[in-house]
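Engineer: Just dropping this structure here.
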Amino acid sequence: MSRIRARFAALKSRGRAGFVTFLTAGDPDMASFETVLAGLPEAGADLIEIGMPFSDPMADGPSIQAAGLRALKSGTKLAHILAAVTRFRGRDASTPIVLMGYYNPIYRYGPERFAGDAAAAGVDGLIVVDLPPEESDELTIFTRPAGLDFIRLTTPTTDDRRLPTVLGGAGGFLYHVAIAGITGTRSADAADVEAVVARLARQSDLPIAVGFGIRTPAQAAEIARFADAAVVGTALVDTIAASLGPEGEARPGLVDAVHAQVRALAAGVRGARARPIEEGETP
């Protein structure tokens, strides 16, 4: 059983949703990123998404675009990201790691080589934002044999005619983009998202994670009531940006600030489905 499947099975057995964190690799530098990464599971992250920085991140809002530029400025490359995952796996054998990004860096690295190296490093899944289902075979012919889940994105505009194509070859979980637009710009109406998640669940057995527009513990809890996982990225990236010095360097409180935020968000997710304690009942 893959780490992703095992983690969602464990979450289901506990009767709660998962909390997925997103951070850009190498932001603001690889050493700081790896220190933050190492502490995410203990802080409450159930799955971890790592953004692969790219110079033309068309689906990302200003915050994640800026994070990618900081990472690129610090010299972050795919080989460095895979090495960081390898080091993470030396400490944590169970927390799923998903790489999220764009196809150009993978293409330049070499799709077959990338799939093999990612699997060897301990990566569990991929989200490639700009590789639609109709064109994904040029990568999935290598990721499937390597045991990497290819995670598909759905959006508010993915209708019932389009959905079977999106679901074809999907693995790990479905990532539902709650808003039509770029990351970090606004939040979706929870009732609307719940209706879409229910529709997706009728057509797929994959767990459904919801991201884009979730910033606070209360918003994360609202999504975690009905989705299998809530994804938070921009809010964490903003905390990193607020913890930088005048030259873009990591200040001493950066790591603690991100981990404290993760703990608060994780508490919101974990308490979302808690049964109210009745009068006279021992907590």
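The values are calculated or read from the model by the stated rules, or taken from the named source; none is laboratory data. These numbers come from a predicted model, not from an experiment. All Cβ positions, glycine included, derive from the backbone under ideal geometry; neighbour counts span all protein chains shown.
Engineer: Out of the stretch 83-102, which residues are surrounded by 20 or more Cβ atoms within 10 Å (Cβ to Cβ) and more than 15 Å from the chain's Cα centre (by Cα)?
Structural biologist: Passing the criteria: A84, F88.
Engineer: Related question: Which of (1) over 19 Å from L23 (Cβ atoms); (2) over 18 Å from the mean Cα position of the chain (by Cα) is the odd one out, the single condition G171 does not satisfy?
Structural biologist: Of everything listed in (1) over 19 Å from L23 (Cβ atoms); (2) over 18 Å from the mean Cα position of the chain (by Cα), G171 misses just condition (2).
Engineer: Sort out which residues of the stretch 134-179 are within 23 Å of A119 (Cβ to Cβ) and in contact (Cβ under 8 Å) with a residue 40 or more places away in the chain, and write them in order of number.
Structural biologist: G147, D149, I151, G171, G172, F173, Y175
Engineer: Just to verify a result, which residue in the stretch 42-63, among those that are closer than 15 Å to Y102 by Cβ and of a type in the set (D, E, K, R), is surrounded by the fewest Cβ atoms within 10 Å (Cβ to Cβ)?
Structural biologist: The residue in question is D56.
Engineer: Hey, another quick one. Hey, A235 hits all of (1) within 16 Å of the chain's Cα centre (by Cα); (2) surrounded by 23 or more Cβ atoms within 10 Å (Cβ to Cβ); (3) modelled with pLDDT of 95 or more but one; which does it fall short on?
Structural biologist: That leaves (2) as the condition not met.
Engineer: Could you list, in sequence order, all residues of the stretch 19-54 that are touching a Lys or Arg at 6+ places or on another chain (Cβ under 7 Å) and either in a strand (DSSP E or B) or within 19 Å of V269 (Cα to Cα) (or both)? It would help to see each step written out before you state the result.
Structural biologist: In the first step, residues of the stretch 19-54 are kept if they are touching a Lys or Arg at 6+ places or on another chain (Cβ under 7 Å); the result is 27-28, 34, 38, 43-44, 46-47.
A43, G44, D46, L47 - these are the residues of the stretch 19-54 that are touching a Lys or Arg at 6+ places or on another chain (Cβ under 7 Å) and either in a strand (DSSP E or B) or within 19 Å of V269 (Cα to Cα) (or both).
Engineer: Provide a single number: the residues in the stretch 107-128 that are over 17 Å from A84 (Cβ atoms) and touching a residue at least 12 places away in the same chain (Cβ under 8 Å).
Structural biologist: Start the filter on the stretch 107-128 by keeping residues that are over 17 Å from A84 (Cβ atoms), which leaves 107-108, 110-113, 115-116, 127-128.
Add one more test, that the residue is touching a residue at least 12 places away in the same chain (Cβ under 8 Å), and what stays is 111-112, 115-116, 127-128.
Residues that pass the stated criteria total 6.
Engineer: Let me ask something else. Scan R215, R161 and give me the residue that is in a loop (DSSP other than H, G, I, E, B), out of contact with any helix residue (DSSP H, G or I) (no Cβ under 8 Å at 6 or more places or on another chain) and not polar (S, T, N, Q).
Structural biologist: R161
Engineer: Let me ask something else. Taking into account only those residues within the stretch 174-183 that are under 14 Å from the mean Cα position of the chain (by Cα) and part of a loop (DSSP other than H, G, I, E, B), which is modelled with the highest pLDDT? Lay out the reasoning, then the answer.
Structural biologist: Within the stretch 174-183, the first condition is being under 14 Å from the mean Cα position of the chain (by Cα), and the residues that meet it are 174-178, 183.
Right, trim to part of a loop (DSSP other than H, G, I, E, B) and you get 178, 183.
Numbers: A178: 86, T183: 49.
Within the stretch 174-183, the match that is modelled with the highest pLDDT is A178.
Engineer: Sort out which residues of the stretch 243-262 are over 16 Å from E34 (Cβ atoms), out of contact with any strand residue (DSSP E or B) (no Cβ under 8 Å at 6 or more places or on another chain) and not in a loop (DSSP other than H, G, I, E, B), and write them in order of number.
Structural biologist: Matches in the stretch 243-262: A257, A260, Q261.
Engineer: With respect to L206, is the statement that it is under 26 Å from S13 (Cβ atoms), at pLDDT 95 or above and either among the aliphatic types (A, V, I, L, M) or more than 19 Å from the chain's Cα centre (by Cα) (or both) true?
Structural biologist: The answer is yes for L206.
Engineer: What number of residues within the stretch 46-73 are over 19 Å from the mean Cα position of the chain (by Cα) and under 21 Å from D117 (Cβ atoms)?
Structural biologist: Matching residues across the stretch 46-73 total 1.
Engineer: Say we look at the stretch 1-41 and pick out the residues that are of a type in the set (A, V, I, L, M) and surrounded by fewer than 21 Cβ atoms within 10 Å (Cβ to Cβ); which of these is nearest to P57 (Cα to Cα)? So that I can check it myself, show each step before the final result.
Structural biologist: If we filter the stretch 1-41 for residues that are of a type in the set (A, V, I, L, M), which is where we start, we get 1, 4, 6, 9-11, 17, 20, 23, 25, 30-31, 36-38, 40.
Okay, now just the ones that are also surrounded by fewer than 21 Cβ atoms within 10 Å (Cβ to Cβ), so 1, 6, 9-11, 30-31, 38.
On the way: M1: 33, A6: 31, A9: 32, A10: 33, L11: 32, M30: 20, A31: 23, A38: 26 Å.
The qualifying residue nearest to P57 (Cα to Cα) is M30.
Engineer: Can you report the number of residues in the stretch 38-61 which are of a type in the set (A, V, I, L, M), out of contact with any strand residue (DSSP E or B) (no Cβ under 7 Å at 6 or more places or on another chain) and within 13 Å of T95 (Cα to Cα)? Write out each step before concluding.
Structural biologist: Here is the first cut: in the stretch 38-61, the ones of a type in the set (A, V, I, L, M) are 38, 40, 43, 45, 47-48, 50, 52, 58-59.
This time we only want the ones that are out of contact with any strand residue (DSSP E or B) (no Cβ under 7 Å at 6 or more places or on another chain), so: 38, 43, 58-59.
So of that shortlist, the ones also within 13 Å of T95 (Cα to Cα) come out as 38, 43.
Counting residues in the stretch 38-61 that are of a type in the set (A, V, I, L, M), out of contact with any strand residue (DSSP E or B) (no Cβ under 7 Å at 6 or more places or on another chain) and within 13 Å of T95 (Cα to Cα) gives 2.
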